[in-house]
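A short write-up of the structure that comes next.
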Amino acid sequence: MTKVSLRGVKRFTKKEHVFFFDENESISTVSGKNGSGKTAIFKAVQIFQKLFFASQLDGRVNNHAEYLQAAYSELESLVSEASFEIEVVFLVEGSYVGVKLDGTVRPEIEFSFSDSVEDGVAALSKLWDINDPKNLFLLINAGKAFSDFGVGFDSLDISSGLDERNVLLESVFFPEKVFQTIYKKSVLDYVHYRLDSNKRYDFFKIANEVVSSISGDIKIHSFSATKKPGEIIIQGKADSRSKYYDVKDFSAGEMSLYLTLLYLFRYPGLGVLVLDEPENHLHEDLLIKFYDLLRGLVASESMKCWVEEQFSDIAGVQLESLSDSQLSSLFLLTHSKALIYRNMLYGCNYILGDGVHRISRSETESELRSIGVSSVFSRTLFVEGVGDVELFGELMASKNIKVVPLGSCSQVEEMYKKISGIYHDIYGAAFCFMIDRDNKSPEYFDDLRSLHPGFYDKTFLVLERHEVENYFIDKKLVKDAVNPILSHLGGDVLGDFQVDEIYQDCAESTKDISYKKYYTFRMKKGLNEILVNPLCGKGAHQESMDLVEDLFSGNLKDEVVNLLNKVDEDFQSEWESEWEKLIDGKVFSNKVFAELSKRAEGVNKSAIRRKIIEMAGSGDESYEICKLSKKIDTIFESQEA
């Protein structure tokens with residue numbers, strides 16, 4: 001669909017309003033302020049299609065009067081003036097098909113179609129032939145596309161089986177009931193299969209496999225005529241721990257996801273599929289997976305090719321019998337920032353104003369803010385120490401910050417170098433790189449900054465403690481978190497002396513672990529200076545034999561022994577003065593929580609842990625962790641401004 005022109009429809013009154021869409025793109029998002037009319041544009045195309053088919057109705061078509069009433073009823077609700085115009089242009093196999101609809105709703109409904117592109121009506125009549133409809137337009141609003149109904153035994157007409165043409169006409173005239181239609185058709189196909197095993201319902205098996213591939217929680221079992229009295233249902237479950245039940249009882253998001261896929265695999269030859277605000281019922285991860293799946297269907301040569309490539313081994317499915325049709329184009333009416341950014345890689349993103357205009361990649365943030373789309377960035381914080389950020393990770397998660405622990409300082413440094421080189425090509429993301437000072441020289445940080453000074457200043461944070469978890473070692477934080485619990489239980493509250501006592505006992509019990517980590521870091525650093533750098537540093541290969549001779553004929557042993565002694569002396573000295581900067585934070589915290597649990601008459605240590613994290617997220621900068629958290633917030637906010 002390349003063009004829609006409206007006059008007299010909803011808010012598009014008086015003058016003609018024209019909307020162009022890029023003919024070279026098959027997937028588009030359309031966004032706009034609430035009330036901007038984005039849904040009205042596509043509903044206008046929907047009524048255009050209804051009236052085109054209504055003009056072909058005669059007494060030989062079942063439900064003739066019902067179809068006509070559905071078309072006229074929607075027309076009256078959509079048109080805001082006595083007369084109206086709707087023009088739609090499609091690009092079909094390289095040729096433009098343009099048709100204009102003119103009509104009135106007062107004093108009575110009258111309408112006619114004419115060419116806006118030469119032979120447009122004739123060309124569209126071949127596609128939208130009431131006896132063989134194909135390349136249809138379908139608008140799905142998941143939140144309004146289902147109502148309570150059942151497929152009772154008395155409603156099954158085995159003789160007709162709700163034939164394909166009737167199903168497609170139901171989709172044209174009652175798109176709001178499309179899920180009911182495909183549900184009923186699936187049940188009828190199953191009944192026909194049970195009566196005649198030569199009949200196929202491969203689409204059902206394929207849809208079941210596909211939906212499970214993007215949501216491991218959703219499992220579709222089969223049909224059942226015993227679970228609900230007098231009804232045949234499709235059984236499934238959206239939780240691995242639950243029993244199978246009617247998929248109509250899934251959540252709105254899970255139900256719409258599954259039945260949309262069921263429809264697409266049963267009738268793959270849609271010309272245009274429009275999903276209205278799919279994010280309303282799907283969490284972000286599942287929304288993006290659904291988008292990626294639909295994108296794959298649009299990009300494939302046919303539904304058959306796509307299934308052969310992605311799901312070639314589904315039991316009982318005859319791939320050669322699948323349709324060669326394909327989903328031609330996809331429109332997503334959305335305010336989901338994640339979806340818009342995802343589509344930026346593969347299609348067009350439009351904003352609706354006076355017409356539609358394509359969002360500029362370089363101005364995406366400001367344009368989305370102008371229509372009220374949330375400016376929540378993807379926030380990623382890289383830290384040292386795999387597995388050592390449990391408390392901190394939970395605190396950051398509450399701020400929508402993903403903590404990525406890397407194995408070492410050098411790995412954080414490497415990640416910084418990689419991202420800094422491509423930062424200007426990354427949109428909708430903010431970063432923070434956090435390493436501890438660990439006796440690193442000022443020159444070390446100066447060298448890092450010199451690579452990309454602006455990026456360094458925006459993203460780099462140096463810790464004064466050995467691990468980020470050590471910022472939770474805070475007497476005031478512990479007292480404020482635990483004392484209300486102790487008071488409630490009638491126990492003695494903790495003072496500084498009692499907290500110090502707990503800290504000292506727990507610290508001494510973890511001293512050996514802390515020493516090993518300190519020793520490993522300092523020895524690696526020292527041996528690099530003594531041995532590795534002279535042998536492997538810049539220009540070393542030019543005189544390597546002389547270097548080896550000098551290094552190993554001299555006092556290398558004494559240097560290493562001195563290094564060992566120095567490491568041990570420094571650790572003991574630093575431990576006495578500032579053990580909280582050296583302690584293994586994860587091990588220490590678990591021991592402290594266990595001791596506090598004993599003092600609080602057995603209150604579960606996980607409850608104490610949660611309370612400390614809650615206090616750490618309070619923003620009270622009298623806590624060390626809150627001061628650090630504030631610095632991190634500032635770093636992310638500066639990138640999102």
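Quick rundown of the values:
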{"item": "Whole-Hz couplings from phi, Karplus 6.51/-1.76/1.60, listed for segment 119-125; x for Gly and Pro", "result": "6, x, 5, 4, 5, 5, 5"}
{"item": "Protection proxy ranking, peptides 176-185, 225-234, average beta carbon neighbours within 10 Å, highest first", "result": "176-185, 225-234"}
{"item": "Selection from Leu332, Cys305, Ile288, by position along the positive dipole direction of segment 259-345 (Cβ)", "result": "Leu332"}
{"item": "The chain: angle of helix 64-78 to the longest principal axis, Cα-based, in degrees nearest 10", "result": "60 degrees"}
{"item": "Segment 1-97: C-alpha gyration tensor shape, a/c 1.5 cut-off, then a/b vs b/c", "result": "oblate"}
{"item": "Percent RCO, i.e. relative contact order, over the chain, from Cα pairs under 8 Å lying at least 6 residues apart", "result": "11 percent"}
{"item": "Mean residue ellipticity (222 nm) of the chain, computed from DSSP H runs ≥ 4 via -39,500 (n - 2.57), nearest 500", "result": "-14500 deg cm²/dmol"}
{"item": "For the chain, size of Cβ-based charge dipole, Lys and Arg +1, Asp and Glu -1, in debye", "result": "1620 debye"}
{"item": "With Cα atoms, 0 to 90° folded angle of helix 496-509 axis to the chain main axis", "result": "90 degrees"}
{"item": "Neighbour net charge for Arg361 - beta-carbon separation under 12 angstrom, K R +1, D E -1", "result": "-3"}
{"item": "Dipole axis of segment 419-524 (+1 Lys, Arg; -1 Asp, Glu on Cβ), positive-most option in His424, Phe497, Val482", "result": "His424"}
{"item": "Using alpha-carbon coordinates, inclination of helix 409-422 to the longest axis of the chain, degrees", "result": "40 degrees"}
{"item": "Given charges at beta-carbon only (K, R positive; D, E negative), |dipole| of segment 225-335 in Debye", "result": "460 debye"}
{"item": "Net charge, Ala122 excluded, C-beta distance under 13 Å - Lys, Arg +1, Asp, Glu -1", "result": "-3"}
{"item": "Ordering of 613-621, 443-451, 463-471 by packing [mean C-beta count within 10 Å, highest first]", "result": "463-471, 613-621, 443-451"}
{"item": "Around Ser80: net Lys/Arg minus Asp/Glu count, Cβ-Cβ under 15 Å", "result": "+2"}
{"item": "Among Val92, Phe174, Val404 - extreme Cα towards positive end, dipole of the chain, charges at beta-carbon", "result": "Phe174"}
{"item": "Phi-based couplings in Hz for segment 461-471 (Karplus 6.51, -1.76, 1.60; Gly and Pro marked x)", "result": "9, 9, 8, 8, 10, 5, 9, 5, 5, 5, 6"}
{"item": "Relative contact order of segment 1-89, defined on C-alpha pairs under 8 angstrom at six or more residues apart (%)", "result": "50 percent"}
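Here, each number is a calculation from the coordinates, and none is a lab measurement. Since the structure is predicted, the reported quantities are computational estimates derived from the model, not experimental observations. Because the Cβ atoms are built from the backbone with ideal geometry, glycine has one as well, and the counts that use them run over all protein chains shown.
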